[in-house]
1. Provide, for q = 0.25, 0.33 Å⁻¹, the log10 of I(q)/I(0) from a solvent-free Debye sum over equal Cα point scatterers in segment 35-81.
2. Taking only DSSP H segments of four or more residues, each worth -39500 (n - 2.57), what value at 222 nm results for the chain once the sum is divided by all its residues, to the nearest 500 deg cm²/dmol?
3. Using 0.36 nm times the number of residues separating Leu54 and Glu187, minus their current alpha carbon distance, what extension gain do you get?
4. Want the number for Ser282 to Asp214: 0.36 nm per residue separation, take away the alpha-carbon distance, what's left?
5. If you split all Cα-Cα distances of segment 3-100 into 10 Å bins from zero, what percentages do you get per bin, shortest first?
6. When N is the residue count of segment 118-187, what does its C-alpha Rg come to as a fraction of 2.2 N^0.38 Å?
7. Taking the Cα atoms of segment 13-62 alone, what are Rg (to one decimal) and Dmax (as a whole number) in Å?
8. I need the P(r) histogram for the chain: all alpha carbon pairs, bin width 5 Å from 0 out to the longest distance, whole percents.
Amino acid sequence: MKFLGGMFSSPSAQARQALEERRLDDAERLLLQITRDRPTSAPDWWNLGLVYKLQGRWQESLDAFVRKAELDPAPEAYWNAGVAATALRNWTAARWAWRMLELDVGPGDGPPEADFGPGPCRLDPYGRGEVVWGKRIDPCRMRIRSVPLPESGHRYDDIVLHDVVPNGTRMFGGQELSVFDELERMEPSPHPTLRAELSWLQPDDEQALYGLFDDPAYGAENWTSSVEVLCAHCSRSSGHVHGPEVDGEVRLTGTWGFGGDIAGIRAVLGTWSAAGPGRSASDPVIAEPA
């Protein structure tokens, strides 16, 4: 055995350390040997399921977590079995796991389309880590309702598989909600992401635009991290830098992202622009490779 910290470590301890250090091949090798020698060791089946989960080997992960649940029916075994089954689109197994947790995912035997409320999801958690908002349609799938930045490789109305282990929080409507990390993009949206440059005069104009996009077929997002204040002259030219005092007309500008049918988005932007003084929108263009 390997000598650690003044005592000999067991194969299970070595496997746990390899797992913590993301030496997944070493962890798998050790855990396969342990579960052959001690097939009723529930913690080792759990760790083997985690190894396969981290590798995206979903069938093996499901098998290991089901075995863990048979030996020790703790909630975490069913949660992770549900994630693996969902990744496999094995809706029978996924619904079994959710039922064991007494979660209501609605009737039927296909993919759930329930309403678990809004929630934040971290896309590409080991890369850019953009956090977006969506509707949770089952315990581990979310339909994106933000318009992700094009660099994310995601779109409005994508369905993503996410982990069930919280990793941070965000506030929504005065409520603190858990952030879950994306595991994979399951169903890409059929619509491209669009970009347009908008300007307006009043803060209420921005809310009016969101109100017009209050339709699940479309998404709208102000991508500008900070609002730039321009005078009337600058808003119609290349612009220059102002201090806090601005003479003349004040315009608010922003780069917006949109998701949905391009003809419908053009129509909504036209309606918004015509409904108030000082509102304008450039023609939306595709903001990602087609």
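Rule-based calculations on the coordinates, nothing more; no lab input. Quick caveat, the model's predicted, so the values are computed rather than measured. Neighbour counts run over all protein chains shown; Cβ positions are idealised from the backbone, glycine included.
1. -0.79, -1.22
2. -10500 deg cm²/dmol
3. Extending this stretch completely gives an extra 45.9 nm.
4. Gain on extension, Ser282 to Asp214, equals 22.4 nm.
5. So the P(r) values, bin by bin, are 18, 46, 27, 7, 2.
6. It is 0.97.
7. Final numbers for Rg and Dmax: 9.7, 25 Å.
8. 1, 5, 10, 12, 13, 12, 11, 9, 7, 6, 5, 4, 3, 2, 1, 0, 0
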